[in-house]
Structure formats: structure tokens, C-alpha cells
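Heads up, the thing below is written out as C-alpha cells.
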Amino acid sequence: MKNMAKSLIGLILYVVLIFGLAYVLGHFVVGQVIVDGPSMNETLYDQDRVLINKFSYRVSELDRYDVVVFKYAYDTSTDYVKRVIGLPGESVRIDWDGNIYIDGQLLVENYGAETMIDPGIAEEEIKLGSDEYFVLGDNRNNSSDSRDPDVGAVSKSQLKGTVWLRIHPNIEFVK
């Protein structure tokens, strides 16, 4: 009888531990987001399911070209998925030829499938604050991103996490 009670207590503790670990992982470490719209085509597509790392950006800095999920400032129930182009403290400008300049230097990158048609508010140089990021969709001509005054620079407090793995329709790491 004593061994059975010990086994039952052990099982209960094990179940509580598993549920506790699942809760911590789901709320603070890993999350799932469904991509809504074509703004990240060719990297991610509408209705792709991705896993996000909710923890790493809190303890280390984001890198240029990281793909992030953030809360839209005017509707926090809406998640945006975009690529980090400008980092805190940098200046960003986009000319009418679609060239991106970081601190006055031409950024050489190949994420946009076609030349940007509209620089939006980034036609004038934007100086990012100490906790702000400039983000763009990879489908540059079909994306509401930091060029749009309703989106603008994204503050660290808006971030939900970095995208690291597409899990549906196929499994692959996101670069």
C-alpha cells in the first residue's frame, strides 16, 4: 500500500511537471503564428504556420535580416511578420529607385523579389531610437511595413519573437 501511494504521488508530480513545463515553453519560449497575406513571399506564404522563438530577442540583440513577428500598434490582436532591415540607433532611407541606405551606406541585400516602387515615409531619412527596428516585407510592393506611417518603426515592446521554423506546409528553417 505504501509503495502504491508513493507511485501515485510520483505520477501526479510527473504530470504536474510536464504541464508546468508545457505552460512555460508555450508562454515564454516558443509560439506558433499563422502568416496572413503575401507580404513575405518568397520566404513565407499566406497561411504558412511558423514557430517563433519568444525568448532570444529578450536576452540578445536582433540581427539584420532576422524575420520577426510583432504586434500591430493600432490593433494588438494583429500580428505582422516582417524582416529586420534597420537596427536601433541607425538611420534608414529609401530612394525612388528602391535602394536602401543604412547610415548613408547602400545596403546590398536580395530579399525583395522586385524593385520597391514606393519608399513611403523612408523617402526622408528615419533615425531609429535605441529600441526601434525598421522592418520590410520580402514582397516589397505588397507589404504594409515600416514605410507605412501606420506601422512605422517597430519598438522592442511590440515584438513577439523571431521566426525560426516553418512547420506547415513543409518543415524548413527560415532565413
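The values are calculated or read from the model by the stated rules, or taken from the named source; none is laboratory data. Computed from a predicted structure; not experimentally measured. Cβ atoms come from the backbone with ideal geometry, glycine included; neighbour counts cover every protein chain shown.
For the stretch 48-94, which residues satisfy the criterion of being outside any loop (DSSP other than H, G, I, E, B), among the charged types (D, E, K, R) and modelled with pLDDT under 90?
Arg58, Asp75
Within the stretch 148-157, is there a residue that is within 19 Å of Tyr72 (Cα to Cα) and in a helix (DSSP H, G or I)?
yes
So, of the residues in the stretch 102-147 that are touching a Pro at 6+ places or on another chain (Cβ under 9 Å) and assigned to a loop (DSSP other than H, G, I, E, B), which turns out to be surrounded by the fewest Cβ atoms within 10 Å (Cβ to Cβ)?
Looking at residues that are touching a Pro at 6+ places or on another chain (Cβ under 9 Å) and assigned to a loop (DSSP other than H, G, I, E, B), I get Ser130.
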